Each structure stands twice: as structure tokens, then as C-alpha cells.
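What follows is one structure encoded as C-alpha cells, with my remarks underneath.
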Amino acid sequence: MNSQIAKTESRNGEVRPAYLKPYYEIHNEENAYLVDVRVPGVSRENVAITLKGDVLTIEAPRLPFKQPEWKALHAEIRGEGFRLDLQLNVEIDSEGVTAKSDLGILSVRLPLAAKAAQRTIPVE
């Protein structure tokens, strides 16, 4: 399983919020990759997706779901948000990247750049 808590310190010594690495799957389409990321409890308005160079970053913070005056006896859902950093090994058409969210699954479609797309070369 690839879920773990990640805490990092910033340059000034402050500890940034902890994130869980979400479960994800990558599917290969003809001229694109489809990344399905499970982010339960996160609304689509809170998701930030960035593509910087060859690194795809998905941040999905969870907002508190309990009332401040409540005292939890047991919590099945942890409070940390999600963060996923993927190092891409192919060139992506950054203008064509799309994302949608449905029932806690975030789907990001990464189309290959024209020069990275697969093509068949005929033999003469």
C-alpha cells in the first residue's frame, strides 16, 4: 500500500502540515495517461493540480468535518489531506491536461506531447 504520512520542514524550521500519499492507479491510453487518485472527503474546489517541468503535483487538503464542540469517541477517517508528486518520464501536452472528480476519485488525463506520442513506422 502506498499511503504514508509525510511531514516536511520548511527553510525557516516550521513544520508544514502532514499529508497522506493517496492510493492511485495509472492507466495507459493510446496517446495519453490517465491517473486515478482516491481522495475521499475532499471536494473538487479544494484540489490543486500543478504540472511544473516533469513533476505532476496533486494537493487535496481535507477540511474538518466535525463540529468544534463535538468530542469524538472514535474516528475512522484521519484528518490529514492528500499530496501526490509524480515524476513523469514522457513529455506531456500541458495545455491539454484535464481533471474531473467523482465520488472521491480524481481522474487526471495527461495527453502525450506530439513528439512523444507513439506512432507506427512502416517498413519498406
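Side notes on the structure shown:
- The number of residues in the stretch 50-98 that are within 18 Å of Arg38 (Cα to Cα), open to solvent by 60 Å² or more (accessible area, probe 1.4 Å) and modelled with pLDDT of 80 or more comes to 4.
- When the test is whether a residue is surrounded by 10 or more Cβ atoms within 10 Å (Cβ to Cβ) and at pLDDT 90 or above, Thr8 does not pass it.
- Every residue from the stretch 101-115 that is in contact (Cβ under 8 Å) with a residue 12 or more places away in the chain and in a strand (DSSP E or B): Ser101, Ile105, Leu106, Ser107, Val108, Arg109, Leu110, Pro111, Leu112
The values are calculated or read from the model by the stated rules, or taken from the named source; none is laboratory data. Just so it is clear, the structure is predicted and the values come from calculations on it, not from any experiment. Glycine also receives a Cβ, built like all others from the backbone with ideal geometry; neighbour counts cover every protein chain displayed. Keep in mind that these areas ignore ligands, DNA and RNA; they rest on the heavy atoms of the full protein, side chains included. Shrake-Rupley method; radii C 1.70, N 1.55, O 1.52, S 1.80 Å.
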